[in-house]
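K.L.:
I'd like to ask you about the structure that follows.
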Amino acid sequence: MTETVIRGESLGAQVANVLRQRIVRGELEPGERITEEALAEEFAVSRGPVRDALTQLSFEKLVRIQRPRGVFVVGLTGDDVDQLYSLRGALEQLALSRAIRVDDDARWRTMADAVQRMVDAADARDHAAFVQADLDFHSQIYALADHPRLEGAWRQYLPTFTALLDVTINHDDDLHDSAHDHVMLMDVMRSGDGARAADVLTAHLDGARDRMLSELTHP
């Protein structure tokens, strides 16, 4: 299937997004060889954006660049998913421990808006809108933490978690339970109960990990 890209946006990021989705969904299988030439032709771009995309995916451990042999798909194993979510858990728990100190109501409005957008998306059964609102919610935990390096680490892996969430969310007919989980997490964060908030976040991320592992076993 030929893909097109939108001019004016980062071409490399767009190519990476499509390839990442294909890898996470298993459409590109581990060991499969991909070439710059074929990708440049498919996306109607020069090799520069393709190289940028492959470099990013190599950083995410989704492809392996072996010059001069070529580029090979690594894919995702159960161990990869465990590693990704254990890393996210460590990052997000630190962010949460700092975010709950914020008592300025105005700074929580963006997160509250993300929660409302999740509820609205669940009502409308709009999976794409739900994914974006979900990721905006979690990004706000890092923004509230006031720790630019920590937020930067999250941003590095955000494209990977976007692809993972897109896979799991699109298998859910009813998104209201997931929306409720985020309402509960925000409420407990606002309460200032750090131990309980940490437990709720752990359960939330463990559930996300388990669902992704289930997708690998039963796609």
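The values are calculated or read from the model by the stated rules, or taken from the named source; none is laboratory data. Please read these numbers as outputs of a predicted model, since none were measured by experiment. Cβ placement follows ideal geometry from the backbone for every residue including glycine, while neighbour counts extend to all protein chains displayed. The accessibility values were calculated without ligands, DNA or RNA, using every heavy atom of the protein model including side chains. Shrake-Rupley method; radii C 1.70, N 1.55, O 1.52, S 1.80 Å.
K.L.:
Give just the number: which of (1) more than 21 Å from residue 148 (Cβ to Cβ); (2) of a type in the set (Val, Ile, Thr); (3) out of contact with any strand residue (DSSP E or B) (no Cβ under 7 Å at 6 or more places or on another chain); (4) open to solvent by 30 Å² or more (accessible area, probe 1.4 Å) does residue 110 not satisfy?
P.N.:
(1)
K.L.:
Filtering the range 138-175 down to residues that are of a type in the set (Phe, Trp, Tyr) and open to solvent by less than 30 Å² (accessible area, probe 1.4 Å), which residue is modelled with the lowest pLDDT? Walk me through it before giving the result.
P.N.:
First, the residues of the range 138-175 that are of a type in the set (Phe, Trp, Tyr): 142, 154, 157, 161.
Applying the additional criterion that residues be open to solvent by less than 30 Å² (accessible area, probe 1.4 Å) yields 142, 154, 161.
On the way: 142: 98, 154: 96, 161: 93.
Applying the filter and picking the extreme gives 161.
K.L.:
How about the range 182-210: which of its residues are surrounded by 17 or more Cβ atoms within 10 Å (Cβ to Cβ) and either without any contact (Cβ under 8 Å) to a residue 60 or more places away in the chain or acidic (Asp, Glu) (or both)?
P.N.:
185, 188, 200, 204
K.L.:
Here's a follow-up. What's the total number of residues in the range 54-89 that are open to solvent by 60 Å² or more (accessible area, probe 1.4 Å), within 24 Å of residue 11 (Cα to Cα) and among the hydroxyl-bearing types (Ser, Thr, Tyr)?
P.N.:
Going through the range 54-89 one residue at a time, the tally reaches 1.
K.L.:
List pairs: first residue in the range 162-177 and free of Cβ contacts under 8 Å to residues at least 12 places away in the same chain, second residue of a type outside the set (D, E, K, R) anywhere in the structure, Cβ distance under 9 angstrom, at least six positions apart or on different chains.
P.N.:
Listed pairs, sorted by first residue: 177/122.
K.L.:
How many of the residues in the range 156-172 are in contact with a Ser or Thr (Cβ under 8 Å, 6 or more places away or on another chain) and part of a helix (DSSP H, G or I)? Walk me through how you get there before you give the answer.
P.N.:
If we filter the range 156-172 for residues that are in contact with a Ser or Thr (Cβ under 8 Å, 6 or more places away or on another chain), which is where we start, we get 158, 169, 172.
Filter once more, keeping what is part of a helix (DSSP H, G or I): 158, 169.
Of the residues in that region, 2 qualify.
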